[in-house]
Structure formats: C-alpha cells, structure tokens
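Here is the structure we will look at.
The values are calculated or read from the model by the stated rules, or taken from the named source; none is laboratory data. Since we're looking at a predicted model, the values are computed, not measured. With ideal geometry, Cβ positions are generated from the backbone for all residues, glycine too; neighbour counts draw on all protein chains shown. Side chains included, ligands, DNA and RNA excluded: accessible areas come from the protein's heavy atoms. Shrake-Rupley method; radii C 1.70, N 1.55, O 1.52, S 1.80 Å.
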Amino acid sequence: MTDATTDATTAPPASTGPSMETPWPVSVLTTKIKDYIDRLGTVWVEGELTQWSVSGGNVYGKLKDLNADVTVSIQLWSSVRARLSEEFKQGDRVVALVKPNWWVKGGSLTMNVVQLKHVGLGDLLERLERLRRQLAGEGLFDASRKKALPFLPHCIGLITGKDSDAEKDVLRNAQLRWPAVDFRVVHAAVQGDRCAPEVTAAIVKLDADPEVDVIIVARGGGDFQNLLGFSDERVLRAAASARTPIVSAIGHEADRPLLDEVADLRASTPTDAAKRVVPDVSDELSRVHQARARLGTRLTHLLSHEADRIGQLRSRPVLASTDWIIDQRAQDLTYYLARGSDLLERTIERAQASTTELATRLRALSPQATLDRGYAIAQLPDGHVLRRAEQAPAGTELVLTLADGVIGAESGGPAQRVHSATK
C-alpha cells in the first residue's frame, strides 16, 4: 500500500468515479475519508467515561452516550493532559471538545480530545429542574394519582443492587417486623449508565407479577451524580405508569431524586421503607390485645348497667309483689264472665221472642190452619191442586189432604152449587 500523501498521481481523475473496471486504491478511499472528516472541525460532546487508560503520558479511553448504547474511542495527547486542571476517572460524566481523526494507515476513527471537563453541578441541576417542571405539568407528581399501600403485603417486590447494604437492610428489617412476608428481589445497577434501563426493566417486570403487592426501589447513600439514574425520565415514567404501588427509598434523608416525587410513597432510607411497608407484628398483637381489653371493659360496663336497670325495675312497688297481677286478672275474669253470661241470656231472650213471633206469623199464613178448620186440599193425580170443577170430570181420581192424613177419592163430575135454604 502506498502512502496517501504520495498517491495523488495514481488517483483516477476527479471527474471519473470508481467502477469495477477502474476501482480506487484503498489509499485513495482512506485519504478521501480523512479529507472529509478533517473538514468537520471540533465539536462539544457529552458522555460518560467508560474507559480511562494512561500509557506513555497519553490517555486512551472510551466515551459512552448517556442514554443510548453508543460508544466512541477518545485519546488525549500528553500535551493536552498536562493542561487539564481536573482529575478524571472511569465513570465520570464529562463534556469534551473533540476533533474527529481518521487514521489513514490503520483505517480507524478516533476522537482527539482538545478540552475536557466534568459536567458542572449547575448544568445537571438545571436539566433536572426542566424535567421536574415538565413532569409536574403532566401531573405525574399530583397527590391524587398516588396509590395507597396495602396494610399487610403478602409479597414485596424489591429492586436494588446485588449484595448491597440496602438489600440487606430491607430484608432484615421487614422480616423482623413480619416474619411471614415474602419478597421478589430483582437486582439492577444502581449507578452508572446501566442504572436507568435496568431499573426501568425491573419495575416493568415486578409490576406484571400478579403476586407482588408493592414495589420498593432501594439504594444506599451516594453523591449527587451516583443518584442521577433515579431521576432519569425512563425510570420516572415506568414508575408513574405502574399499577402496583411504588416506594422510593433512595439514599439518605437529604437525597431527593425525582423518583421520590413520582413514587406513591417516599421513604427516607431503605430501613425506613421496610418499616413503612410492613407492619410490626408485635405492635399489631399489642393493638389486638388492647382492642380486646377495651371490648371486654365495654361489655362488662354494659352488662353491669343493664343489671342495675333490672334491679331498679324489680325494686318498684308494682313489681315487689306478684300477687296483684293474679288478683287483678281474677277480678277481670270474673267481671268478663258475668258480663258474658248476662249478654248471652239477653241474646237468647231476644232470639226466643223473635222465634215466637215468627212462628205465630208462620201459623197464620200456613195452610194447616185452614185444614184445621175443616177444609181439604184436592189434588189431581199429577200433583196439581184442583182449582176448577172442569179440571176433574167424572171418574177422575183425586187425592184429598185433610187436617190429619190423606185420602183418595173419585170425582162425580161437576155438580150444581147447593144454595142455602133461604135462597
């Protein structure tokens, strides 16, 4: 391979592009890439130092994007490093003035650092304040959307660093307070570039578990930059959209990441989170005993009060002797029996008088009285009463009903009416 600086004469004319028949040499390609990159100039970029190695006075490292999985190589010449007023290490969040540099011979791209400084605390605070105002405007901090914690969670989801003091504090204090409590522990990075995506994924995972009643996000104390992952917008929106109550237990009392504002409950420390989420079994037993004692006292007082009332009622003259009840009822019974007998006799007398009157009227209207006076009732064989002589021609059999008995007769036909002697 020839050097790019001496290869201009061998390059094809500018007006003629490369083709299968007239390809560019690799040196021409790399030279053109270098020319293009050199025209980019310098640019300020922000990221996290994921590698910082010193060799021969020069520094070789990597700068990673804060939100995306993108990394570029950087290098600081010893002359630039000598001008730096700050010390840097892996994990620092920095702002760098870099100039892209294409290494023609090796075909690799690196960023030459011209200036380097830590991200100022004021810059971070300003960004967090902008995010705070944005989320507050969306209502993510409103008290009305915060969910109440269950009185006694059967299963607690815990998001924390692996083998961390925060994990031990939460587990130990919770199990001391309520030994039967169960945990679902998901380990996640609690600082650095992996913190936000891993904590977000852990919240989503535990929120989807139907057995988890509450989720605790716990981390021990640390400096401001170490806690930035818990103010990341991805973590905050995952916590806000979770259906399971979220408890934020990040750092110490003075530490206030934005997760504290979004969470349904803010605990000052991981230990405080265990105390706030899990009731103390001894305290609850004490409350049960106190409630039973109060209930027993109340029942005793109520029974005593009612016994006194019964005693007062029994001591009254009207209840001192029970004979008056029987005597009074005996008098009432005698009175009602006499009155009933009198009313019954009167009713019978009126009924007898009415019956006699009706019998008299009935006898007056009865045919029997007529028969008793010597009259008879003549009936034809068919049972009809004989009313006219023409109804019984000679030879007609008749039935005569007398005052006492019935006789048979035969008609001699119509006869002349017998007139009285005076006629």
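So, counting K/R as plus one and D/E as minus one, what does the shell of residues with Cβ under 13 Å around E211 add up to? Here the charged neighbours net out to -2. For the residue pairs K117/K162; K205/K275; K32/K99; K62/K168; K34/K64, the C-alpha atoms sit more than 26 angstrom apart in K117/K162; K62/K168.
Just checking my list (i) 22.5; (ii) 34.3; (iii) 23.4 against Kirkwood radius over Cα pairs in Å computed from this structure; which label fits? Looking at Kirkwood radius over Cα pairs in Å for this model, the match is (ii).
Averaged over residues, the count of other Cβ atoms within 10 Å places the peptides 390-396, 18-24 in the sequence 390-396, 18-24, highest first. For region 71-158, the list of chymotrypsin sites (Phe, Trp or Tyr not before Pro) that fall in a loop by DSSP and count at most 16 other C-beta atoms within 10 angstrom reads W77, F151. Here the simple spin-label model places points 7 Å from the Cα toward Cβ, and for N101 and E345 these points are separated by 14.5 nm. In the complete set of protein chains, residue-level accessible area for I156 is approximately 0 Å², probe 1.4 angstrom. The trypsin sites (Lys or Arg not before Pro) of region 238-335 that meet both conditions, a loop assignment by DSSP and at most 10 other Cβ atoms within 10 Å of the site Cβ, are R243. Estimated at 0.36 nm per residue, the fully extended path between V54 and R234 surpasses their Cα-Cα distance by 61.3 nm. In plain terms, the chain from H154 to F183 could stretch by 9.6 nm, reckoned as 0.36 nm per residue minus the Cα-Cα distance.
The residue among P100, G41, I159 whose Cα reaches farthest toward the positive pole of the charge dipole of the chain, with charges on the beta-carbon of Lys, Arg, Asp and Glu, is I159. Rolling a 1.4 angstrom probe over region 292-371 with all protein chains present gives an accessible area of which 60% lies on carbon and sulfur atoms. Placing +1 on each Lys and Arg Cβ and -1 on each Asp and Glu Cβ, with no other charges, gives region 66-188 a dipole about its Cα centre of roughly 180 debye. Surface calculation, 1.4 Å probe, protein heavy atoms: R130 sits at approximately 120 Å² accessible.
In the complete set of protein chains, residue-level accessible area for S108 is approximately 50 Å², probe 1.4 angstrom. Modelled spin labels at A376 and D165, positioned 7 Å past Cα toward Cβ, are 14.5 nm from each other. By accessible area, using a 1.4 Å probe on protein heavy atoms only, region 36-180 has 52% of its surface on carbon and sulfur.
Full extension of the chain between E284 and Q90 gives 64.9 nm of extra length, using 0.36 nm per residue less the Cα-Cα distance. Qualifying GluC sites (Glu not before Pro) in region 108-200, where qualification requires a DSSP coil assignment and no more than 13 other C-beta atoms within 10 Å, comprise E138. For the chain, the per residue solvent-accessible surface stands at 64 Å², with DNA, RNA and ligands left out and a 1.4 Å probe.
With a Förster radius of 30 Å applied to the beta-carbon distance between S366 and A409, the computed FRET efficiency rounds to 0.80. When both bridge partners sit in the chain, DSSP labels roughly 65% of those beta bridges antiparallel.
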